[in-house]
Amino acid sequence: MTESTMTAESAAHEHPHPSPAKYVGIALLLAVVTAIEVALYYVELSDNLMIGLLLAFSAVKFFLVTFFFMHLRFDNPLLRRLFFVGVVLACLVYTAFLLTLNVFS
Amino acid sequence: MTMTEANVVTAHEEHTVTGISNRKLGMWAFLASECLFFGALISSYLLYRGKPAVSGPNPSDVYDIPFTSISSFVLLMSSLTMVLALAAIQRGDEQRLRLWLIATALLGSLFVGGQIYEFTTFAEEGLTLRSSVGGTAFFVLTGFHGAHVTGGILWMLSLVGISARGGLPKERSLDVEMAGLYWHFVDIVWIVIFTVVYLTPS
């Protein structure tokens, strides 16, 4: 594949960034999710349910910031793959590390 | 020129094989490696937080959740002002660019100020770097995050200075995008720290 073909292909993968109004909407959504997380902290729930819900809300916030504010949803997919290799590798390595040391038991 | 055209011009000005600016690719590789760095610190905290303290309280005994929630909200909002700064330079609006960059630096400073206050309060309550391994893991993790935020604030202020001298036209929007990627990454690291360290039961 020639350099110009790859560049053209890369441009085809890129999409326009969101408008400022959409950024404000995403920030409000992030604030609401954070408020729900904090509210959960004060609710009597089983530890497993609480941890599951908190991690799920945290993941929602993580993806909203990376996909919209960091533009991973709109930029070249190579960047998404590069970053998520780091994220997935970190999750796997440290989960294995903590499981080995019985931290979750 | 529309915002979309500005993005494409910026992305292609270097004519790389991948079609992605080398600086942007390098920044994403750096951020991917930072995931492993912060992963190590968070894992250390999870490993040591339950260990009995030699003296003083455990970290979870002294957390002030309402205060840290407000700090988290402040940092989240700084991500909004950062992305608005990028949108401003892509429109060629240098005045708004400086305004949003200053707002980002101020919100970041507020977060760091809150962290200093929190550390001081914890120390007064007996939780220090040396009081327990949990305390050590907590201060190292949140301290490194605070250092990253401080680096980001200095980066924002330097961009404000460069822009004030006319050195940031919209053709150089990649400079702001790089700072933005770093800043948003610091924000997502805090999203994880806030949930795992502060909210998750020990």
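Just a yes or no: is a residue in region B:105-122 among the hydroxyl-bearing types (S, T, Y), more than 14 Å from every other protein chain (Cβ to nearest Cβ), more than 29 Å from A:L28 (Cα to Cα) and in contact with a helix residue (DSSP H, G or I) (Cβ under 8 Å, 6 or more places away or on another chain)?
The answer is yes, given that some residue of region B:105-122 is among the hydroxyl-bearing types (S, T, Y), more than 14 Å from every other protein chain (Cβ to nearest Cβ), more than 29 Å from A:L28 (Cα to Cα) and in contact with a helix residue (DSSP H, G or I) (Cβ under 8 Å, 6 or more places away or on another chain).
Just one of the listed residues (B:G152, B:G135) is over 17 Å from the mean Cα position of the chain (by Cα), of a type outside the set (K, R) and surrounded by 14 or more Cβ atoms within 10 Å (Cβ to Cβ), and it is B:G135. Can you find even one residue in region B:49-65 that is within 8 Å of chain A (Cβ to nearest Cβ), over 23 Å from A:F67 (Cβ atoms) and either assigned to a loop (DSSP other than H, G, I, E, B) or modelled with pLDDT under 95 (or both)? The answer is yes; a qualifying residue exists.
Scanning region B:173-187 for residues that are within 16 Å of B:L80 (Cβ to Cβ) and aliphatic (A, V, I, L, M) gives B:V176, B:A179, B:L181, B:V186.
Based on what the data block shows, is A:M6 farther than 29 Å from B:T200 by Cβ, at pLDDT below 90 and within 8 Å of chain B (Cβ to nearest Cβ)? Answer is yes for this residue.
Evaluation of B:R130 against the conditions (1) surrounded by fewer than 23 Cβ atoms within 10 Å (Cβ to Cβ); (2) at pLDDT 95 or above shows that the sole unmet condition is (2).
The set of residues in region A:67-105 being in contact (Cβ under 8 Å) with a residue 12 or more places away in the chain and either over 18 Å from B:V192 (Cβ atoms) or surrounded by fewer than 18 Cβ atoms within 10 Å (Cβ to Cβ) (or both) consists of A:H71, A:R73, A:F74, A:D75, A:N76, A:P77, A:L78. Listed conditions (1) in contact with a helix residue (DSSP H, G or I) (Cβ under 9 Å, 6 or more places away or on another chain); (2) modelled with pLDDT under 95; (3) not polar (S, T, N, Q) are all met by B:L36, apart from (2). One residue stands out in region B:12-23 among those that are at the interface with another protein chain (Cβ under 7 Å from one of its Cβ atoms) and closer than 23 Å to A:F67 by Cβ: the one that is modelled with the lowest pLDDT, namely B:H12. Under the condition of being surrounded by 12 or more Cβ atoms within 10 Å (Cβ to Cβ) and more than 20 Å from the chain's Cα centre (by Cα), which residue from region A:33-66 is nearest to the other protein chains (Cβ to nearest Cβ)? In this case the residue turns out to be A:Y41. For region B:57-96, the set of residues classified as crowded, with 18+ Cβ neighbours inside 10 Å and more than 23 Å from A:L30 (Cα to Cα) consists of B:N58, B:P59, B:V62, B:I89, B:Q90, listed by residue number.
One line per residue, one yes/no per condition, for (1) among the β-branched types (V, I, T); (2) within 14 Å of chain A (Cβ to nearest Cβ); (3) more than 18 Å from B:M77 (Cβ to Cβ); (4) in contact with a helix residue (DSSP H, G or I) (Cβ under 9 Å, 6 or more places away or on another chain):
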| position | (1), (2), (3), (4) |
| --- | --- |
| B:G134 | no, yes, yes, yes |
| B:A137 | no, yes, yes, yes |
| B:L141 | no, yes, yes, yes |
| B:G146 | no, no, no, yes |
| B:G167 | no, no, yes, yes |
| B:E171 | no, no, yes, yes |
| B:V189 | yes, yes, no, yes |
| B:F194 | no, yes, no, yes |
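The values are calculated or read from the model by the stated rules, or taken from the named source; none is laboratory data. Fair warning: this is a prediction, and the values are worked out from it, not measured in the lab. With ideal geometry, Cβ positions are generated from the backbone for all residues, glycine too; neighbour counts draw on all protein chains shown.
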